Amino acid sequence: MSRRPGAVGGQVLSLHQHVAALIAVFLALATGIVLGAGPLGGAPGAGDTDRGELAGAEPTESTGPSASEGGVDAAYVDAFASAGATRLYADGLRGHAAAVLVLPGADPTEVKALTAQVPAAGGALTGTYTLGADLLDPAAAEDADTSTSLLAAQLADPRLDASAGTWERAGQLVGLATATGQQRSTRADDAAVTVRDALGSAGLLASPSDVRLAPVLLVVLPAGEQSSAERAELEPVLTGLVDGLASVASGVVVAGDSASARAGALGVVRAGRPSGAVSTVDGTESALGRVSAVLAMIGVTEGVTGAFGESGEDGAVPTP
């Protein structure tokens, strides 16, 4: 069953719980245990007793790292996540293609590290796209509305909602250029080529050349925190963009760092509760967070969505 992304301020996992959740997944894969639905990072509910205490317990000598009063050592956490990633993924993206959409302000190091995880999970990467700052600038809303309206009218594509607002329309157009609603990648159609050329000429979207459309779209958000005024300006932009992307793609994962989840772009997206097959993941500055992001990508291919990561109210990672 799908779980909807949660709002900011929901359940916050300790680092202990986040590590314990990933260890629980790792051990389940290793021993053949079938995990049930529900957040791994929370307290075990009814029906969890047969699986023991792994889901909600603090790590012990048998389930994970010992912790000092300061908590789990961050170096150990990243080493564990990196070393166990391929086993955790279990080729979950095999047969699935993904595209990466980079928003202005995203950390290039995080983008590179996230992108490298797609083939590690058995998936194919169709390409990395970069949005131009002007397309998402609240101060340029009138220009964005004009340019996207003209392009939408030119395309007359049934996947475009005539009643969509500026930013949702922009998301739909970018979705046409990058993604498909099919379960497998498809050849770029005339609409995709037209949008890539039009937005590329205007400096609004940098696209790889001659690549296929991907069913799974990984959106990497701007890093860091923003002021309350900046977040208020970003709210209609990001909410509309993600809703528009989700109306075209088979599945969308929106990822950001921990600061972004606390008081930045990811927090804005979560508060807006995007529609469609959308998951959100925080903590992309760490290997642990990046592993969670790829597990969320696998999850959307299986119909499981939610808000995941250390501050995700649906747990550290998605489970079937």
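The values are calculated or read from the model by the stated rules, or taken from the named source; none is laboratory data. Everything quoted here is computed from the prediction, not taken from an experiment. Please note: Cβ atoms are built from the backbone with ideal geometry, for glycine as well, and neighbour counts cover all protein chains shown.
Here are some notes:
- Of the candidates VAL237, VAL242, the single residue that is at pLDDT 95 or above, surrounded by fewer than 24 Cβ atoms within 10 Å (Cβ to Cβ) and closer than 22 Å to ASP161 by Cβ is VAL237.
- Flag for THR280 being within 14 Å of the chain's Cα centre (by Cα), among the hydroxyl-bearing types (Ser, Thr, Tyr), outside any loop (DSSP other than H, G, I, E, B) and buried (at least 24 other Cβ atoms within 10 Å of the Cβ): yes
- Just one of the listed residues (GLY165, GLY95) is surrounded by fewer than 22 Cβ atoms within 10 Å (Cβ to Cβ), on the phi > 0 side of the Ramachandran plot and not basic (Lys, Arg), namely GLY95.
- ALA164 vs. criteria more than 20 Å from VAL211 (Cβ to Cβ) and out of contact with any Ser or Thr (no Cβ under 8 Å at 6 or more places or on another chain): yes
- Residue check for VAL219: buried (at least 24 other Cβ atoms within 10 Å of the Cβ) and at pLDDT 95 or above: yes
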